[in-house]
Amino acid sequence: MMLDRYPYGRLEAPQVLIPGLIRDRAEVERELSAAHARFRSELERFQGADPEALRSPDPATGTWFTLGGWVKLQAWHEAHHTGQIKGMLAAPGCPRGPLPPTTGIHG
């Protein structure tokens, strides 16, 4: 499947992936950093000349994507969650002030 837009509508996340109301910021940043490292590690394993030639299925849906498609999907997924975080930070009652540059979520 070639991707020119995010292919899914709203999906329900597994309960284990739904964060509680309060999370330690440093813990969340460590988890995100570890996820990025795993993704980069998987990308580094690719040895071919054409990333569109390598395909694998999405374990959640069974849809097959190319390596290029997986990279796009990851970027769209993170952009969605970044938007959610920005919305939460803009909500009334959220502590105000600049975010340190390590978060990667300021606008």
With a sphere of radius 14 Å drawn around the Cβ of residue 65, what net charge do the other residues whose Cβ falls strictly inside it have (Lys, Arg +1; Asp, Glu -1)? -1
Residue 55-residue 76 FRET efficiency (beta carbon distance; Förster radius 25 Å; 0.05 resolution): 0.85
Projected label distance in nm at residue 27 and residue 88, using a 7 Å step from Cα toward the beta-carbon: 1.3
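No value in this document is a laboratory result; all are computed from the given coordinates. The structure presented is a predicted model; accordingly, all values stated were derived computationally and were not measured. Backbone-built Cβ (ideal geometry, glycine too); neighbour counts: all protein chains shown.
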